[in-house]
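The values are calculated or read from the model by the stated rules, or taken from the named source; none is laboratory data. None of these values were measured; they are calculated from a predicted model. Every residue, glycine among them, receives a Cβ derived from its backbone with ideal geometry; neighbour counts consider all protein chains shown. For accessibility, only protein heavy atoms count, side chains too; no ligands or nucleic acids. Shrake-Rupley method; radii C 1.70, N 1.55, O 1.52, S 1.80 Å.
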Amino acid sequence: MYSVVLHYGELALKGRNRPWFLSALTRSIRRALRGLKVTGVRATIGRIVVTCEDEAEWPEVRDRIARLPGIENFALARHAPLDLDAITGRIVAHLPDRPVASFRIRARRADKRFPFTSPEIERHIGRHVREVRGWPVDLSWPELVINVELLADEAYFSFGQERGTGGLPLGTGGRVMTLLSGGIDSPVAAWRMIRRGCRSDFVHFHAYPILSATSQEKARELVGVLTRSQLWSRAFFVRFGPVQQQIVLSVAPPLRVVIYRRMMLRIAEALAGQTGAQALVTGDALGQVASQTIENLAVVGQATSMPLLRPLIGMDKEEITATARQIGTYPISIISDDDCCTLFTPRNPATRASLAAVEAAEAQLDIDALVRQAVDTVEVETTAFPPRGDRVAAGE
Ligand code: ATP
Ligand code: MG
């Protein structure tokens, strides 16, 4: 048996909302670890302790917890009886099999009845570790921190710490609808919202069968990666080809991209009405491509009355790409595809579309009918993590 000890962002969880945040966090941990041999998830003073039966599952437990929002850091912790020699013996027996440049012991007593003070415990264990391995002690900048916690009935210890995703627990931030292309940016935008505790639904616009189905397959895979953080997702696949064909009939080429985007927002808003999403999210970053000037972003944004969130607006491509790599969406995003936006658009779209010109062009379109048709023919897919098959296998 072993435990995983998790710490959350203290400041964010203070105040009267704390019990609510904590129950959201423990619930999401339980769900994320479904199908694994976990015997308990409980919140104790300032931390959450997960008890697990099978240490062979630790790499999987670690991967799942590392993606969950609301966790600052966590560590595998082993148990020991409440006796200083027994604790020391167990720590020495489990020391990592690698060279360590320096270490320190950090002891904490939750129960002050233990007959040694924390510094005494640290010195005692530290001396033994140094004797056995010869590693130097460094109290200020140790490479390895060995944590020892003494509770009322037992002790546990851990080597170092894993970094969590940070942010706020799943389900504490409301519901949003992310416009998810197959590109690099929008999955990162969705992830930033999920990290702040939102649940995100997704809408992907495709021009299949005029173009290939690759963008849909990419969107589906991207949703799969993001679902490892939010555990359940719903994705809408909208046939955008018919909308684009109508636009092409009456709108001059330079304005098409802006009007495509406005139609996307209108359709997303209609779908958000079905799911209860409170805001729309896009992966726009200022100035990244010609269509993302402040003028165009403003004109596009005026197509919806919903709050429109652009979490990447001030980020450079390098920063966005670094996050995409870190969360695992990058390799999917760079697969080449036919984005529907490239359909019937000129090389040089308008960089400063005026709202008057856009509205005049849109007067030629039956906007409501186009939105209705798109919504009526939408395909919906849901994805769960862990996959439902796993849960059945685990007898749930
Ligand atoms: P991305 O990398 O997310 O595609 P981008 O820098 O390529 O972004 P655009 O292609 O101009 O920028 O798209 C801006 C935003 O509009 C996207 O981040 C996304 O939120 C939305 N969007 C664009 N195309 C689609 C699509 N086919 N389906 C859903 N949303 C889209
Ligand atoms: Mg794109």
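If you go through the stretch 175-199 and keep only what is within 16 Å of ligand 2 (Cβ to nearest atom) and either open to solvent by less than 10 Å² (accessible area, probe 1.4 Å) or of a type in the set (Ser, Thr, Tyr) (or both), you end up with 178, 180, 181, 182, 186, 187, 188, 189, 190.
Of all residues in the stretch 18-37, how many are assigned to a loop (DSSP other than H, G, I, E, B) and open to solvent by less than 90 Å² (accessible area, probe 1.4 Å)?
4
Within the stretch 231-239, is even one residue of a type in the set (Lys, Arg), touching a Gly at 6+ places or on another chain (Cβ under 8 Å) and closer than 19 Å to residue 273 by Cα? Checked the stretch 231-239: no residue is of a type in the set (Lys, Arg), touching a Gly at 6+ places or on another chain (Cβ under 8 Å) and closer than 19 Å to residue 273 by Cα.
Checked against (1) over 12 Å from residue 190 (Cβ atoms); (2) among the hydrophobic types (A, V, I, L, M, F, W, C); (3) open to solvent by less than 10 Å² (accessible area, probe 1.4 Å); (4) in a helix (DSSP H, G or I), residue 270 passes all but a single condition, namely (3).
Please go through the stretch 228-240 and give me each residue that is farther than 17 Å from residue 179 by Cβ and part of a helix (DSSP H, G or I), ordered by number.
228, 229
Of the residues 335, 367, which single one is assigned by TED's automatic domain parsing to the domain that holds residue 229, farther than 19 Å from residue 210 by Cβ, more than 16 Å from ligand 2 (Cβ to nearest atom) and hydrophobic (A, V, I, L, M, F, W, C)?
367
Sub-6 Å Cβ pairs linking a first residue in the stretch 329-344 that is among the basic types (Lys, Arg) to a second residue that is open to solvent by 50 Å² or more (accessible area, probe 1.4 Å) and not in a loop (DSSP other than H, G, I, E, B), at least 6 apart or interchain, number zero.
Being open to solvent by 80 Å² or more (accessible area, probe 1.4 Å) and either in contact with a His (Cβ under 8 Å, 6 or more places away or on another chain) or not in a helix (DSSP H, G or I) (or both) is the filter here, so list the residues in the stretch 345-361 that pass it.
The initial filter retains those residues of the stretch 345-361 that are open to solvent by 80 Å² or more (accessible area, probe 1.4 Å), namely 347-348, 352, 359.
Hits for the stretch 345-361 are 347, 348, 352.
Annotation: of all residues in the stretch 158-196 being in a strand (DSSP E or B) and within 30 Å of residue 143 (Cβ to Cβ), the one that is nearest to ligand 1 (Cβ to nearest atom) is 165.
What residue, among those in the stretch 202-223 that are of a type in the set (D, E, K, R) and either away from ligand 1 (no atom under 12 Å from the Cβ) or surrounded by fewer than 24 Cβ atoms within 10 Å (Cβ to Cβ) (or both), is farthest from the chain's Cα centre (by Cα)?
The first filter runs over the stretch 202-223 and keeps only residues of a type in the set (D, E, K, R), leaving 217-218, 220-221.
Okay, now just the ones that are also either away from ligand 1 (no atom under 12 Å from the Cβ) or surrounded by fewer than 24 Cβ atoms within 10 Å (Cβ to Cβ) (or both), so 217, 220-221.
Numbers: 217: 20, 220: 16, 221: 15 Å.
So, considering only residues that are of a type in the set (D, E, K, R) and either away from ligand 1 (no atom under 12 Å from the Cβ) or surrounded by fewer than 24 Cβ atoms within 10 Å (Cβ to Cβ) (or both), the one farthest from the chain's Cα centre (by Cα) is 217.
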